[in-house]
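Okay, structure first, notes after.
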Amino acid sequence: MRIGLSFILFFTIFITIYGGVHYYIFSNIVKLIKLSLKLKIILVVLFISMTISMPLSRITEYLYPDTGKKLTLASYIWMGFIFYVFILFLIRSILLYLEKIIGILKRQELFFIKNILSNSIVLPLIILLSVITCIYSYNEALDIKINTLQIPDYRSHPVNIIQISDVHLGTIVGHERLSKIISLINDANPDILVITGDLIDSDLDNIDKLSPLLSAVKPRYGKYAVTGNHEFYAGIDKAQKFYKDAGIKLLRDEVEIIPGILNIIGVDDPAVKIIGTNIKRKDIYQLTKETDKKLFTLLLNHQPKDFDIAESLGVNMQLSGHTHNGQIFPFNLLVYIFYHPVTGLHKINNAFLYISKGTGTWGPPMRFLSQPEVTLIKITDNMKP
């Protein structure tokens with residue numbers, strides 16, 4: 001029941017915000033150009049249809065998988081496109097507002113600027129720029145790169161770790177994208193593969209065939225993962241089975257000690273609360289007590305939170321994801337309100353926090369100024385005390 005209510009609440013908020021975005025764009029269009037009643041009705045029907053297309057396409061996926069996938073892809077591409085249109089119209093509104101303020105202060109209207117921004121040519125320019133940005137963003141999402149970090153620590157035996165995060169396997173990210181990710185992993189030849197949550201999206205019915213691809217990856221010291229929020233949205237039991245079939249050890253508030261190499265602590269995402277479990281799990285205070293204090297301690301935590309607490313308890317490095325670095329600029333500015341830092345490598349005292357930009361995409365299959373990555377972390381022993 002709690003999951004059902006959570007989804008109802010999520011979709012209510014989503015439809016309200018998404019519908020508001022469409023209404024804002026519609027109101028700007030009718031101010032820029034004169035539309036006949038027939039064209040207005042067509043535009044209203046289109047915008048209402050696209051507002052509800054995402055939840056409807058998800059429902060269609062369960063009834064008619066092939067049709068549903070096409071509708072989902074189309075609705076997510078539209079979402080990306082309409083976001084860029086919204087941003088450009090918002091910039092226009094801000095400029096018009098500033099022009100008005102400046103005009104009042106100078107006691108004269110800046111007709112030149114106002115006429116340019118109010119000209120009917122603005123609409124096709126906004127649409128053209130949005131289409132171009134969508135095409136660029138779609139290709140950027142496919143251009144996955146390896147990002148290499150050097151982490152010196154005298155306790156560690158030299159070890160190479162590959163981190164992937166927020167892949168979101170499902171309707172949008174499938175066999176082709178996963179094959180490319182695995183190719184990058186194999187090229188790096190890591191000792192350990194870690195996955196910092198959201199390997200899967202919310203649809204697990206059609207991704208069973210992907211587990212053999214991951215199963216074929218065999219790092220020297222194993223594959224480890226933690227849950228993200230989407231593992232719980234998809235259904236934790238099904239998610240755990242997928243990880244098991246892929247040969248990945250899912251650490252749910254657990255410690256894995258690789259003798260002579262390092263400790264790996266894995267903690268559950270806070271979304272665990274949505275399943276209403278009564279099982280009392282271990283917290284970070286208890287988990288750090290189970291580690292080998294002579295070894296480097298790596299913490300896998302989907303969300304980049306509580307690093308100061310982990311560092312004070314002896315964690316040497318935390319790997320996180322979740323933020324996607326906003327995925328589509330300027331969303332990273334919005335994400336910064338909830339998470340800061342949003343991405344990259346950061347140091348507190350002698351410990352490190354690394355927040356991945358993410359390897360896949362959620363929602364629109366696009367990234368703008370946030371290139372997806374596979375992260376290679378080289379922990380070396382060249383910092384002798």
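Only the coordinates and a few stated rules stand behind these numbers; no lab work does. Every value quoted in this text rests on a predicted model; they were computed, and no experiment measured them. No Cβ is skipped: glycine too gets one built from the backbone with ideal geometry, and neighbour counts run over all protein chains shown.
Given the options 187, 198, 166, state which has the largest fluctuation in a GNM of the chain using a 10 Å cut-off (strictly under) for Cα springs.
The residue with the greatest mean-square fluctuation here is 187.
Taking the dipole about the Cα centre of the chain, with the C-beta of Lys and Arg at +1 and of Asp and Glu at -1, give me whichever of 16, 136, 329 is farthest to the positive side.
Final value for the positive-end residue is 16.
Considering the dipole of the chain built from charges on the beta carbon (Lys and Arg +1, Asp and Glu -1) around the Cα centre, which of 93, 174, 239 is farthest to its positive end?
Value: 93.
Any idea what diffusion coefficient the stretch 153-278 gets from Stokes-Einstein, in µm²/s, Kirkwood Rh on alpha carbon pairs, 10 °C, 1.306 mPa s?
106 µm²/s
Volume per residue, Å³, of the convex hull around the alpha-carbon atoms of the chain?
Per residue, the Cα convex hull of the chain comes to 170 Å³.
Counting other Cβ atoms within 10 Å, keep those with at most 13, restrict to DSSP loop, and tell me which GluC sites (Glu not before Pro) in the stretch 237-345 are left.
Sparse-neighbourhood loop GluC sites (Glu not before Pro): 290.
Between residue 146 and residues 5 or more places away or on another chain, which pairs have amide H atoms under 5 Å apart, with H built 1.01 Å from N, and which residues are they?
Distant-sequence amide H within range of residue 146: 374.
To the nearest 500 deg cm²/dmol, what mean residue ellipticity at 222 nm is calculated for the chain from DSSP H runs of n ≥ 4 alone, each contributing -39,500 (n - 2.57), summed and divided by the residues?
-15000 deg cm²/dmol
Between the stretch 8-41 and the stretch 170-239, what's the alpha-carbon centroid distance in Å?
If you average the Cα positions of each part, the centres end up 37 Å apart.
Dipole of the chain, Cα-centred, from +1 at each Lys and Arg C-beta and -1 at each Asp and Glu C-beta, to the nearest 20 debye?
940 debye
Which one of 38, 209, 273 has the biggest mean-square fluctuation once the chain is modelled by GNM with Cα springs under 10 Å?
The residue with the greatest mean-square fluctuation here is 38.
Please check: in the Gaussian network model of the chain (C-alpha springs, under 10 Å), which one of 299, 199, 149 has the largest mean-square fluctuation.
Largest GNM mean-square fluctuation: 149.
Which value, to two decimals, describes the C-alpha radius of gyration of the stretch 230-376 once divided by 2.2 N^0.38 Å?
In units of the 2.2 N^0.38 Å rule of thumb, it is 1.09.
By counting other Cβ atoms within 10 Å of each Cβ, how are 23, 62, 233 ranked from fewest to most?
Ascending number of Cβ neighbours within 10 Å: 62, 23, 233.
Any idea which of 197, 222, 371 is furthest toward the positive side of the dipole for the chain, if Lys and Arg beta-carbons carry +1 and Asp and Glu beta-carbons -1?
371
Treat every Asp and Glu Cβ in the stretch 145-253 as -1 and every Lys and Arg Cβ as +1, leave all other atoms uncharged, and give the resulting dipole magnitude about the Cα centre to the nearest 20 debye.
The dipole of the stretch 145-253 has a size of about 400 debye.
Bin all alpha-carbon pair distances of the stretch 323-385 at 5 Å intervals from 0 and give each bin's fraction as a whole percent.
4, 16, 23, 22, 13, 9, 7, 4, 1, 0
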